[in-house]
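A short write-up of the structure that comes next.
The values are calculated or read from the model by the stated rules, or taken from the named source; none is laboratory data. In this text the structure is predicted, and so the values were computed from the model without any measurement. Cβ: placed from backbone, ideal geometry, glycine included. Neighbour counts: every protein chain shown.
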Amino acid sequence: MFEKVDRYKRLLGPLFTEEGVHLNRVLVSLGLASVTLHPPNLKYSQRLIDAQVEAERMARWIWSKPAYEPMPVDSIPGSKSKAGVDWLVPSFPCSGAESTTTWSTETRWTFGFLSPI
């Protein structure tokens, strides 16, 4: 299953050149874009995540800007769970339904949703 548009009617999907270059990945790897996953469109998700991790590590473009610096989840008001172990972070809607993703304090990425901490 593949969704062609999001809830805002924006086109979704990978973009390749005639030579087979994955343009989404190129933009992410250069730090010119960040990854946003739209389930069920997850075919290239690991490649994109890997490209973003490398771009962050190398502080490429947006990842060199203070606004994109990682911040502790516990600095977000109301993010700490009652157990004090997990974190609840609002995530992107999936199939039009609001959802909440549980984050472990050791986890940087969650399946189906990608948001840098």
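Structural remarks
- Filter result for A55 (in a loop (DSSP other than H, G, I, E, B), among the aliphatic types (A, V, I, L, M) and modelled with pLDDT of 90 or more): no
- Check on W61, surrounded by 16 or more Cβ atoms within 10 Å (Cβ to Cβ) and either at pLDDT 90 or above or more than 23 Å from R7 (Cα to Cα) (or both): no
- Check on P14, touching a strand residue (DSSP E or B) at 6+ places or on another chain (Cβ under 6 Å) and touching a residue at least 12 places away in the same chain (Cβ under 8 Å): no
- Residue satisfying condition, being of a type in the set (A, V, I, L, M, F, W, C), at pLDDT below 95 and touching a His at 6+ places or on another chain (Cβ under 9 Å), within set L15, L42: L15
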